[in-house]
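The values are calculated or read from the model by the stated rules, or taken from the named source; none is laboratory data. Quick caveat, the model's predicted, so the values are computed rather than measured. Note that we place each Cβ from the backbone using ideal geometry, even for glycine, and neighbour counts take in every protein chain shown.
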Ligand code: GLA
Ligand code: ZN
């Protein structure tokens, strides 16, 4: 198969089976937009097995054949994301139970028990049927496993599975008691049988329990997914599998889930035009980078919206140029597809006003369809990018288990710790400088990076303290912040000084942390002749940590309150590297300016220098070539200078970049002149 980027969307022909003329039109639209793939069958269980044991796969086969005849491939879904009515009526155990012990009624979707043997068996049979029928079909190129896995169930089956999970983890109840610190408030367990999941009617304050419950739910979901995939494999289907993940989703440890899928995919629905679009782009870009970094391989966008997204607070239209920019941003960050939810707008129910390739009007002469077709054309021009990599000199440590633990704790600020925001501020500063960034969790290796940003690494797990130490010793630049290295993997506080086991690397010890009221701020003021030549002061809020330097050099200090004069930013030389420590929740501009100084001082080259405001720069590469994406998210045209020895693969450039537009430049990596 020739190299191409995937272009398509979620297709629900089962909603239109009584209208064959509509289905014929769908094909015309797909071809006109240059689409080459659809996701099929995501919510089709009731049409595939209308009554228990009565299978109807022929309609799906007809659809797949028609698509294939027209050059359109299929990503075939397993339909477990929404169960048919009959299964809930006959086997109530498949319905989820809330933390208060109430069993849900039938309704909605994504609401089955992940433990239920009946549900697992019914899904296994269905997946087996699909694999037997379509596992060798030339149109079916990938499996789309379920849909947006998530949620939890507190039924007795899940509770029992949790107890067994704990017993496997701890071995003895004494070890569990120690890890969860259960003598506190008299909560000692005498056997695993006594353990119940956290509940608003029962236990909520044993943080080790809460943390392990989240880990269990994540593991149980992954286990469910593994069984789905196994059923396909047992029936002989060997196409790659993917499961669509979600934006900043905290219900599953995707770092663990990634091992069991062949390809990473996710669903992106940014709130364009709500704030400054460049900020939206950075936030969304960080998620793309997180997804790419899960496997360090190209990922797919499984869903995005061609125009207004109806479940958001306000259904905002995408302004002209935004669809192209958003689509190319995916490719820029290492994605190999653009896909939409939904191909044809559904006529009734919850998503009837959600943006679609084909709207209720049903013609091609719409603004949205025109833009969709333009994206199709650009993706064809960029086909050679499929499968290419991203080289990132910088990494952002962003870890879901860290977040579970930190946000569950009481203190130092129950009104908001702003972890995600702190991560975004670091990320965005690296992007503004013009670097590719990997977004990784604590399980990953740090060896390939020149810079590692570690904002609010409250929990140290997976030996991260040793990894960070070795990283700095070998010449790496570490930028760590306040509220780091406080607890271990079971959420027990480290004794003997924090950031745990890194005080000598950072050349300081954290002594206290001040939570600020919403209306309070402090300032970070540069010290005279500091090593980074900082001259400006910056505002800090929410959290101010008070540290005692033990070898670290103070670059900035607090300007106010009783800790005025104490360090607000420090640096320490350790081994061949440097370790910076940001003591407070600084405004975004601090990160932009300070990171720039740090990178310049270290001689790290950006992809382009002097990137104007509102512009994002990314690159992908092969051994020989580099592809540079320059994207203007502002409404106004901007001046940018691009390397002269390149070829413009996409977009318009005359020394300037029009408002809401992008260019893609191809150049040789060795700096030689590009020959067409
Ligand atoms: C999610 C789901 C889709 C659809 C879209 C709408 O991502 O996976 O089925 O509901 O949202 O935006
Ligand atoms: Zn359950």
note = Taking the stretch 101-139 and keeping only residues that are in a helix (DSSP H, G or I), within 16 Å of ligand 2 (Cβ to nearest atom) and touching a strand residue (DSSP E or B) at 6+ places or on another chain (Cβ under 8 Å), one is left with 119
ask   = Any residue in the stretch 431-443 that is on the phi > 0 side of the Ramachandran plot, touching a strand residue (DSSP E or B) at 6+ places or on another chain (Cβ under 8 Å) and part of a loop (DSSP other than H, G, I, E, B)?
value = yes
task = Filter the stretch 140-167 down to residues that are within 16 Å of ligand 1 (Cβ to nearest atom) and part of a loop (DSSP other than H, G, I, E, B) and give me whichever is surrounded by the fewest Cβ atoms within 10 Å (Cβ to Cβ).
result = 151
remark   = Inside the stretch 226-248, the number of residues satisfying the requirement of being under 26 Å from residue 214 (Cβ atoms) and not in a helix (DSSP H, G or I) is 8
key: Number of the exception - residue 632 against (1) surrounded by fewer than 22 Cβ atoms within 10 Å (Cβ to Cβ); (2) farther than 30 Å from residue 472 by Cβ; (3) touching a strand residue (DSSP E or B) at 6+ places or on another chain (Cβ under 8 Å)   = (1)
query = Is at least one residue of the stretch 1-10 crowded, with 17+ Cβ neighbours inside 10 Å and either free of Cβ contacts under 8 Å to residues at least 60 places away in the same chain or in the same structural domain as residue 120 (by TED's automatic domain parsing) (or both)?
reply = no
ask   = For the stretch 167-190, does any single residue satisfy the condition of being touching a helix residue (DSSP H, G or I) at 6+ places or on another chain (Cβ under 8 Å), outside the structural domain of residue 73 (by TED's automatic domain parsing) and under 30 Å from residue 263 (Cα atoms)?
value = yes
query = Hey, among the residues in the stretch 75-100 that are part of a helix (DSSP H, G or I) and within 13 Å of ligand 2 (Cβ to nearest atom), which one's surrounded by the fewest Cβ atoms within 10 Å (Cβ to Cβ)?
reply = 92
request  = State the number of residues belonging to the stretch 29-46 that are touching a residue at least 60 places away in the same chain (Cβ under 8 Å) and part of a helix (DSSP H, G or I).
outcome  = 4
request  = Restricting attention to the stretch 47-71, report how many residues are in a loop (DSSP other than H, G, I, E, B) and surrounded by 21 or more Cβ atoms within 10 Å (Cβ to Cβ).
outcome  = 1
remark   = Flagged in the stretch 174-188 as outside any helix (DSSP H, G or I) and at negative phi, in numbering order, are 182, 183, 187, 188
key: Single match in 514, 518, 488, 504 (criterion: within 27 Å of residue 216 (Cβ to Cβ), touching a strand residue (DSSP E or B) at 6+ places or on another chain (Cβ under 9 Å) and surrounded by fewer than 22 Cβ atoms within 10 Å (Cβ to Cβ))   = 488
inquiry  = From the list 90, 19, 83, 25, exactly one residue is farther than 22 Å from residue 116 by Cα and touching a residue at least 12 places away in the same chain (Cβ under 8 Å). Which is it?
reply    = 25
ask   = Among strands (runs of 3 or more DSSP E) lying entirely in the stretch 581-676, which contain 1 or more residues that are at positive phi and modelled with pLDDT of 95 or more?
value = none
